[in-house]
Every structure is written in structure tokens, then in C-alpha cells.
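**Q** My questions will all concern the structure given below.
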Amino acid sequence: MLAWTIYISFLGALALLLLPKSNATAARVLALLTALAGFAIAVTAFVQNRTGELVTVTRHTWIPALGIEYHLAADGISLSLVLLTGIVAVTGILFSWNIERRTKEFFAFYLLLIGAVYGVFLSYDLFLLFVFYEIVIIPKYFLIATWGSTRKEYGAMKLALYSFIGSAMVLVGLIAAYVMAGGKTMALDGLAGFAFPLHFQMWAFPLVFVGFAILAGLWPFHTWAPTGHVAAPTAASMLLAGVVMKLGAYGCLRVAMTLFPLGLGPWGFHVLGLGSWRDVFAVLAVIGIVYGALVALVQKDFKFVIGYSSVSHMGFILLGLMTLNQLGLSGAVIQMFSHGILAGLLFATVGRMVYDRTHTREFASLGPMNLNRAMPFAAVTFVVAGMASMGLPGFSGFIAELMIVTGAWHAFPVLAICVGAGILLGVIYVWRAMQKAFFSEGEAPAPHEPLPPITFPEKLAAIILIGTSVVIGLYPQMLLKVIAPALNSPLFDGLQKGGWR
């Protein structure tokens, strides 16, 4: 049944292209119904597979000469991220209800992107995963280049180039693993069960990990992210931060760490105090956390604050992966889900509620508008989303960061202390943005025309995202019950034998 999340999204994109250009309302309704259908399937599958164990969705021979199959499967990690994709897909359409220019093309690219994302999370054959991963690049480029703003062509091209470079690195690693394993299969379990030599894993692991981590915003390969976020239209920003960046983190865990667990082991020597790739990527993740927070703290553009905030929060995910203990890894997956929800809400608030009405993102211009009075719903939404993003108890962000920091304390005590500084900086930049955008004390004449009111679709989407974060924050077991069995499955035997707890 889960395979229909992909098929419905692709069929919806095709159906949109057959609609007459003048019927924008029909395009919106069709896109929403398609996204709702995918979301309903994701929820049903999540409820039915409460064990979190691996379940084959569909499996057919595709390219028999190469041992490549059309193999879709899902475990607790996949199900959590498929559910996230369904939620972001629906709310992104609600926040894009105002799209008037080339509406059907916009939503066609949108659904194509969603379908490809579903495909990545469900692919159990690594060649198939790579195909879906590449498909994602096409619609996200056109969504930004056509409907974006603020150097949109530059932002779209930079994102595409970084994505292609990362993809090329991944492809080289996968081909090498395929050949080394005998050239008989590209199945994830088949390659994960092959005993690759230590020297091979030592270079293949960083190659594939960095290839995926580029899309996850790993410092210093993060520079595409703020530029792309700012240039993208609201729905594309939500997808980019909410689910596309998670493809990179998912690939790091599902492919690089699963296939090449020995690549995380010690080198046998130390360079600048670092004795393994695990140490290197943990340090880079912490640098990303602190650096992203520091740069967000000095931004004058509201959307750039959220863009660099995403870089900082993605650092938590990558650090959680490097802890190699179950607490940190589970926290990393929870953070993928939480950040997808909260980053989507923050970008929607800034891009749709504020920018589309005020036509500015500069704090110097927003402050005198008294937006807390002119747009109280937007102000409340940002306050709630900001509090959740900084880790206020009761929201999903708190649970995720607590698990990651605790896991990091067991693995990297010194780095865990540095992460504390990043969390403190996160509180500061959120409060600064909140004050400058919505609660500035400066007095100035009111705008000549009243700002358009927040629409019902926007309110509904905001409530859905806030409600989801609260549910996970109050009842994290909903996700943990399915994530833990997946992490303890035979697929991760290599990491378990490597000493993770």
C-alpha cells in the first residue's frame, strides 16, 4: 500500500498538467486531494506497522543482468519520515493557496518532488534509491528558479550544483561497493551483509557520508542551504528544510553507516586530536550547530535567520548519528521529524504570513509595522514555533535535543558542552528575531493600507504543524516505539558489533 504514496503523487503531477491553464482553483484542489491521499496512506501504514520491523512493500525484478530490483520496503525509520513527508506535503499546499502564476505547473513540480521523496525513504535497492534521489533535484530547481525571489536563479543553481556533486560522490561509492561485493545485487541488506575490507571502508565511508551530508547541510558544505531557503517560495522552503535536507541525513544513516560501519573505527593514529572519521564528523556537526546559531544571531533578513537556524539544527542530527549509541541515534531520527515540522512552520510564517503581505524581510522595516497588532496570528505562531525550535519542554524539539545531547555526553563529553553553547545561542537568536520582527518598541506611521488577513488555509496548516510538534513532545513513544526496533534490526549489526550501545 505504501507504494501508492509514490504513484499517487506522480499521477497527481501528471493530471495537473492536463488541466486548463485558467483553472487555478481546480489545480489547488487536485494538488491538495493528492497530498491528502498520500498522507492518509502514510498514516494507515504507520498505524498498522506498530512493531517498526522491516516490511516489504513491493519487490520486482528490474534490471536482472545487474541484479537490480524495484524493491520498496519500510521499517520504523522509513515510516516516521514518510509520515513527516505526508504532513509537510499537505501543509505546504495549504500555505501555497495564494499561488496565481502558472498554478498547475507549480503544484505539478511540487507533487513530483513529494513523490520522489517518498521514493527515497521507501527504496530498499540502492540503485532505486539513487534514482529517486536524483529525481528530487529537478523539481526543486524549477520551483526555486521560477517561483522564487531574492537571486532565485543563483540560489536554484547553487543548490542543484551542490546536490549533483554530492550525488556523484555517492554514486562512486555505491558502484565501488557493488563491484567489490561481486556485482550481483544492489539490495541494501545484501551489501550491508558483505564484509568489505577495512581499507575499502575507510575511504568509501567518508566519500558516501559526505556525499549525502552535503544535502544535510554539514559544515562547511552548508552554504547552499541559506541561499536556497531564502530564494525558494514558501512551499519549496518548507519542503527543502522539512524533508529534502532529511534525505541527506537519512542517506548518511541508511547507506553510509550501514554499508561501511568499520569506516567509523579508529585510524590507528591521531591528527589534531582526531582519531577517526567519527571524530571528524562529530566535530564538524558541532561547528555547524554553533556556527549556524552565531550567523543567525547577526542577520538582518528575517528569512536568513531561519535559514541559518536550519543549518544549526541539522548539526544536531549529524551529531546524534555520530554518537553510535541508541539514545543518540534515536534522538537523531526524532530530530529529523521534529525539525521537518518546526522548520516548515517557521519558513511558512516568515515567507507566507509576513513577507507575502509586507513585501519585506528586513528587520529594520518590519519593526515599525507593529506586526504583533497588525498580524496577531502570525505573531503567536512565530512565538510558539520559536519556543518549540529552541527546545521548550512540551514540544518535539525538546525531546530530540535532550536525547542527542545525552547520547553525545556518553560519546563526546567535551563536544556535548560545546553543544550547550549552541543551544543557548539558539535561544538568543530566536528571541532577537521575535522582538525585532513582531514586538519592536519603535513608533512609526501605520502602513497606508491594512495588511491582508491570515487566511483559513494558513491557520489550518499552522495548527496542524503546531499540534504535531505538541503530540510528539508529550508522547514521544509514538515514534520511539517504531524507531528502536529498526535500529536494533539485523541491518545495523555492523554498527552494533562496532561497539555502539
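The values are calculated or read from the model by the stated rules, or taken from the named source; none is laboratory data. Source: prediction; values computed, not measured. Please note: Cβ atoms are built from the backbone with ideal geometry, for glycine as well, and neighbour counts cover all protein chains shown. Accessible surface is based on the protein model in full, side chains and every heavy atom, while ligands, DNA and RNA are left aside. Shrake-Rupley method; radii C 1.70, N 1.55, O 1.52, S 1.80 Å.
**Q** Per residue of the stretch 226-238, in order, report the coupling 6.51 cos²θ - 1.76 cosθ + 1.60 (Karplus, θ = phi - 60°) as ³J(HN,Hα) in whole Hz, putting x for Gly and Pro.
**A** x, 4, x, 4, 5, 6, 6, x, 3, 4, 5, 4, 4
**Q** What dipole magnitude, in Debye to the nearest 20, does the chain give about its Cα centre under +1 on Lys/Arg Cβ and -1 on Asp/Glu Cβ?
**A** It comes to approximately 400 debye.
**Q** Of 279, 125, which has the most accessible area and how do the rest follow, probe 1.4 Å?
**A** Numbers: 279 40, 125 0 Å².
The ranking, largest first, comes out as 279, 125.
**Q** What does the net charge come to around residue 143 if you take all other residues with beta carbon closer than 14 Å to its beta carbon, with K and R at +1 and D and E at -1?
**A** Working: positive: 101, 102, 104, 140, 152; negative: 105, 153.
After counting each charged neighbour, the total is +3.
**Q** Could you state the accessible area per residue of the chain in Å², with a 1.4 Å probe and every protein chain left in place? Please report the intermediate quantities before stating the final value.
**A** On the way: 17990 Å² over 501 residues.
That works out to 36 Å² per residue.
**Q** Distance in nm between label sites at residue 439 and residue 427, each 7 Å beyond Cα in the beta-carbon direction?
**A** With each label placed 7 Å out from Cα toward Cβ, I get 1.5 nm.
**Q** So, one more: Per-residue accessible area for residue 22 at 1.4 Å probe radius, Å² rounded to 10?
**A** Approximately 110 Å² of residue 22 is accessible to the 1.4 Å probe.
**Q** Could you sort 69, 53, 458 by their accessible area in this structure, using a 1.4 Å probe and putting the largest first? Present the calculation step by step, with values, prior to reporting the outcome.
**A** Details: 69 40, 53 115, 458 0 Å².
Accessible-area ranking of 69, 53, 458, largest first: 53, 69, 458.
**Q** Oh, and also: Translational diffusion coefficient, Stokes-Einstein: compute it for the stretch 94-169 using the Kirkwood radius over C-alpha pairs as Rh, at 25 °C and 0.890 mPa s, and state it as an integer in µm² s⁻¹. Please report the intermediate quantities before stating the final value.
**A** Numbers: Rh = 13.3 Å.
So the translational diffusion coefficient is about 185 µm²/s.
**Q** I would also like to ask the following. In the chain, what percent of the accessible surface is made up of carbon and sulfur (1.4 Å probe, ligands and nucleic acids excluded)? Walk me through the intermediate numbers first.
**A** Details: 12590 of 17990 Å².
The nonpolar share, carbon plus sulfur, comes to 70 percent.
**Q** Related question: Compute, for the stretch 329-460, the length of the dipole vector about the Cα centre, with Cβ point charges of +1 (Lys, Arg) and -1 (Asp, Glu) only. Units Debye, rounded to 20. Don't skip to the end; give the middle numbers.
**A** Working: 7 positive and 7 negative charges, 18 e Å.
The dipole of the stretch 329-460 has a size of about 80 debye.
**Q** Determine the shape class of the stretch 1-54: with a ≥ b ≥ c the square roots of the Cα gyration tensor eigenvalues, call it rounded for a/c under 1.5, and otherwise prolate if a/b is greater than b/c, oblate otherwise.
**A** Working: a/c = 6.47, a/b = 2.81, b/c = 2.30.
Judged from the Cα gyration tensor, the stretch 1-54 comes out prolate (a/c at least 1.5, a/b above b/c).
**Q** Could you tell me the extents of the chain's C-alpha atoms along the three principal axes, largest first, rounded to whole Å?
**A** Here the spans come out as 70, 54, 41 Å, largest first.
**Q** All other residues with a Cβ under 13 Å from the Cβ of residue 112 taken together, and with Lys, Arg as +1 and Asp, Glu as -1, what is their net charge? All intermediate terms of the calculation are to be shown ahead of the outcome.
**A** Working: positive: 104, 140; negative: 105, 134.
With Lys, Arg at +1 and Asp, Glu at -1, the neighbours total 0.
**Q** Among 38, 1, 83, whose Cα sits farthest toward the positive end of the charge dipole of the stretch 1-124 (+1 at Cβ of Lys/Arg, -1 at Cβ of Asp/Glu, about the Cα centre)?
**A** 38
**Q** So how exposed is residue 410, as accessible area in Å² (1.4 Å probe, rounded to 10)?
**A** We get 120 Å² for residue 410.
**Q** Okay, next question. Between 261, 307, 124, whose Cα lies farthest towards the positive end of the dipole of the chain when Lys and Arg beta carbons carry +1 and Asp and Glu beta carbons carry -1, centred on the Cα centre?
**A** So the residue we want is 307.
**Q** Can I ask one more? Taking the Cα centre of the stretch 88-178 as origin, sum charge times position over the Cβ atoms of Lys and Arg (+1) and Asp and Glu (-1), and report the length of that vector in debye to the nearest 20.
**A** Numbers: 7 positive and 5 negative charges, 67 e Å.
So the dipole magnitude of the stretch 88-178 works out to roughly 320 debye.
**Q** Using a Cα distance threshold of under 16 Å, what count of lysine pairs results for the chain when pairs must be 8 or more residues apart or interchain? Walk me through the intermediate numbers first.
**A** Values: 21/104; 104/140; 140/152; 140/158; 140/246; 152/303; 300/436; 303/436.
Lysine pairs satisfying the spacing and distance rule in the chain number 8.
**Q** What is the stretch 33-174 by shape, rounded, prolate or oblate, if you read a ≥ b ≥ c off the alpha carbon gyration tensor as root eigenvalues and call it rounded for a/c under 1.5, prolate for a/b larger than b/c, and oblate otherwise? List each step's numbers first, then the result.
**A** Numbers: a/c = 2.31, a/b = 1.25, b/c = 1.85.
It is oblate, given that a/c is not under 1.5 and a/b is not larger than b/c.
**Q** Would you please classify the overall shape of the stretch 1-94 from the alpha carbon gyration tensor, given that a ≥ b ≥ c denote the square roots of the eigenvalues, rounded means a/c under 1.5, and beyond that prolate means a/b larger than b/c while oblate covers the rest? Before the final figure, lay out each step's value.
**A** On the way: a/c = 3.42, a/b = 1.46, b/c = 2.34.
Oblate.
**Q** Now for a separate question. What does the accessible area of residue 431 come to, in Å² to the nearest 10, when a probe of 1.4 Å is used?
**A** Per-residue accessible area (residue 431): approximately 130 Å².
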